[in-house]
1. Write out, first by first residue and then by second, each pair whose Cβ atoms fall under 8 Å of each other, whose residues are 6+ apart or on separate chains, and whose first residue, in the stretch 36-53, is of a type outside the set (D, E, K, R) while the second is loosely packed, with under 14 Cβ neighbours inside 10 Å.
2. Consider R78 carefully, then state whether it is modelled with pLDDT under 90, basic (K, R), closer than 24 Å to E22 by Cβ and surrounded by 12 or more Cβ atoms within 10 Å (Cβ to Cβ).
3. Can you name every residue in the stretch 28-71 that is surrounded by 12 or more Cβ atoms within 10 Å (Cβ to Cβ) and outside any helix (DSSP H, G or I)?
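The values are calculated or read from the model by the stated rules, or taken from the named source; none is laboratory data. Predicted model, so just to flag it, every value in this text is computed and none were measured. Quick reminder, even Gly has a Cβ in these numbers, built from the backbone with ideal geometry, and neighbours come from all protein chains shown.
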Amino acid sequence: MTASHGNHVPEGFGFRTGVRSEAVAVGFAVFVFVLGTLFVALGMVLAVGDGLWGWMVALAVFELAFIGAFAAMLHMARQRHRSR
């Protein structure tokens, strides 16, 4: 159960709730992007080493999704600062 003060209903804890500052949200976005990119790069190296070119192409597409998600997270983080 969650405690509520007046008419305010808690929104939970997450990226879009406004709990974190802009700087923390940008830092989190960069951390997720770098970590995901490192895992995709490792997968590409292993796939090329085994001659699995189809997997390498799939991982390249997956990396494009990471880039898109990173851009969206940065946009949400910057909106957090402008709303004040």
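1. From the stretch 36-53, the pairs are M44/A60; A47/W53.
2. Answer is yes for this residue.
3. The answer is L52, and nothing else.
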